[in-house]
Amino acid sequence: MQWVFPAGSCTDHSEAVGLSVMLADMLPRGAADLDSRSLSDAMDRCGMRRSSDVGIHHLVLSATMLGSDLERGLDLTSSMVLDPTLPEDALEPIRSLSLQSLDSLQDDPQQEIMYRLRARHRRSPFNRSGYGEREAIESATIEQLREAWRLRMVPHGSILSVAGEVDPTEMERWVEARLSDWTGTPQEASDMKDRIGGIEHVERDTSQVHIAIAWDAPPEPHPDSVLERIATRVFGGSSSGRLFTEVRQKRSLCYSVSGVYRGGRDVGVISVYSGTTPERAQETFDTCLSEFHRMSKGIDKDEFRRIKTGLESALVLSGESSSARANALVADYFRLGRARTLEQLREDIASVSLDQVNEYLENRHAGDPTIVTMGPVALQMD
């Protein structure tokens with residue numbers, strides 16, 4: 001089960017970026033007549049493996065359980081949504097955990113640099129991380145959290161997805177019985193601002209240099225998104241991709257390199273990450289850029305066949321995971337307004353020809369990259 005609500009980080013006011021993060025941690029702290037411990041015990045008795053998280057657009061409640069326990073699990077989850085306790089005595093522990101998570105970013109430079117890349121490459125407020133900002137977390141009040149729940153945990157804009165042993169008719173009955181009186185419309189994303197873009201170097205006295213690069217790409221609803229997905233997998237999506245082959249295997253320049261494409265509802269992004277040593281950083285950076293630009297010359301038959309087979313295999317594997325399917329259904333409905341079957345996804349990939357991909361690459365205009373580096377040396381940018 002995955003249930004998402006229009007309460008992601010983009011809905012935080014610019015002076016309160018972090019309320020959504022704290023709200024996600026507050027919701028499981030009791031609901032209806034159950035305190036935090038009682039609610040947790042009730043979910044354990046249902047065998048629920050559960051989590052709450054915050055993305056750019058949504059606050060996400062996820063759970064995996066036996067099909068026979070689904071209705072009880074949904075009842076408990078919906079009580080967190082409709083009637084949470086939001087106890088004041090939980091505020092300080094949640095504040096402390098949120099600040100610890102924010103501090104932990106310094107111990108994960110790859111994640112930190114990718115968040116910094118997003119902050120520069122995307123426009124505000126869609127460039128935020130799921131960690132919040134220190135000042136807002138330190139000053140948050142229980143009244144602010146309760147107001148955030150009232151305004152953001154609403155039906156319009158929420159999506160409920162269940163995959164596995166489920167009867168759609170019974171699900172419809174449960175929704176009508178449990179949620180018919182639930183009302184509310186979401187607030188708009190806060191404070192739109194243009195993206196920063198450009199180049200940033202973060203000075204760190206470390207033995208490593210981390211490199212992150214981003215380009216614009218088609219959003220998921222665009223017909224070219226499937227072409228970009230195939231092209232980016234050739235470029236950097238696997239151990240047989242060009243980045244891994246050229247940067248790591250042939251030249252031994254780095255210990256980690258990858259390139260991925262993510263198609264959002266309104267924008268898409270191609271991002272590259274590499275971690276290396278100061279002595280090899282410049283050549284690593286130059287080679288990553290060179291390999292990206294070389295994609296304009298197209299891919300060959302072997303690369304095309306290998307990547308299509310890999311994508312189709314990944315679809316089969318994802319179909320065997322009910323949690324992955326629930327996640328995919330939510331993503332589809334949010335980005336496309338409809339959910340695709342595994343067969344429809346397979347047909348989308350199977351229908352693409354090598355000529356289509358190469359024509360797309362020849363005419364692709366990704367724009368100027370956004371570049372962030374982190375370490376003891378700054379790189380030369382031509």
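Here's the yes/no breakdown for (1) buried (at least 23 other Cβ atoms within 10 Å of the Cβ); (2) of a type in the set (Asp, Glu); (3) touching a Lys or Arg at 6+ places or on another chain (Cβ under 9 Å):
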{"site": "Ala231", "(1), (2), (3)": "yes, no, yes"}
{"site": "Val234", "(1), (2), (3)": "yes, no, yes"}
{"site": "Val272", "(1), (2), (3)": "yes, no, no"}
{"site": "Asp286", "(1), (2), (3)": "no, yes, no"}
{"site": "Leu289", "(1), (2), (3)": "no, no, no"}
*Please find, within the stretch 17-27, the residue that is nearest to Leu70 (Cα to Cα) out of those that are open to solvent by 10 Å² or more (accessible area, probe 1.4 Å) and out of contact with any strand residue (DSSP E or B) (no Cβ under 6 Å at 6 or more places or on another chain).*
Asp25
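Does the stretch 161-171 include one or more residues that are assigned to a strand (DSSP E or B), more than 30 Å from Glu92 (Cβ to Cβ) and open to solvent by less than 60 Å² (accessible area, probe 1.4 Å)?
yes
Return the residue satisfying two criteria in turn: it lies in the stretch 321-357 and is touching a helix residue (DSSP H, G or I) at 6+ places or on another chain (Cβ under 7 Å) and not in a helix (DSSP H, G or I), and of such residues it is least open to solvent (accessible area, probe 1.4 Å). If you could, list the steps in order and put the result at the bottom.
First, the residues of the stretch 321-357 that are touching a helix residue (DSSP H, G or I) at 6+ places or on another chain (Cβ under 7 Å): 324-325, 328, 338-340, 342, 345-346, 348-349, 352, 354, 356-357.
The next check asks that each one be not in a helix (DSSP H, G or I); those that pass are 338-340, 352.
Details: Arg338: 124, Ala339: 54, Arg340: 30, Val352: 10 Å².
Checked the stretch 321-357; the qualifying residue least open to solvent (accessible area, probe 1.4 Å) is Val352.
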*Only residues that are surrounded by 14 or more Cβ atoms within 10 Å (Cβ to Cβ) and not basic (Lys, Arg): list them for the stretch 191-205, please.*
Ile196, Gly197, Ile199, Glu200, His201, Val202
*Just need a number here: residues in the stretch 239-258 that are assigned to a loop (DSSP other than H, G, I, E, B), open to solvent by 40 Å² or more (accessible area, probe 1.4 Å) and touching a residue at least 12 places away in the same chain (Cβ under 8 Å).*
2
*Considering the stretch 210-234 alone, what residues qualify as being more than 19 Å from Val372 (Cβ to Cβ) and in contact (Cβ under 8 Å) with a residue 60 or more places away in the chain?*
Pro219, Glu220, Pro221, Asp224, Val226, Leu227, Glu228, Arg229, Ile230, Ala231, Arg233, Val234
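When the stretch 123-156 is examined, which residues are found to be within 20 Å of the chain's Cα centre (by Cα) and open to solvent by less than 60 Å² (accessible area, probe 1.4 Å)?
Within the stretch 123-156, Ser124, Pro125, Phe126, Asn127, Arg128, Ser129, Gly130, Tyr131, Gly132, Arg152, Met153 qualify.
The values are calculated or read from the model by the stated rules, or taken from the named source; none is laboratory data. As the structure is a prediction and not an experimental result, all values here were calculated from the model. Note that each Cβ is placed from the backbone with ideal geometry, even for glycine, and that neighbours are counted across all protein chains shown. For accessibility, only protein heavy atoms count, side chains too; no ligands or nucleic acids. Shrake-Rupley method; radii C 1.70, N 1.55, O 1.52, S 1.80 Å.
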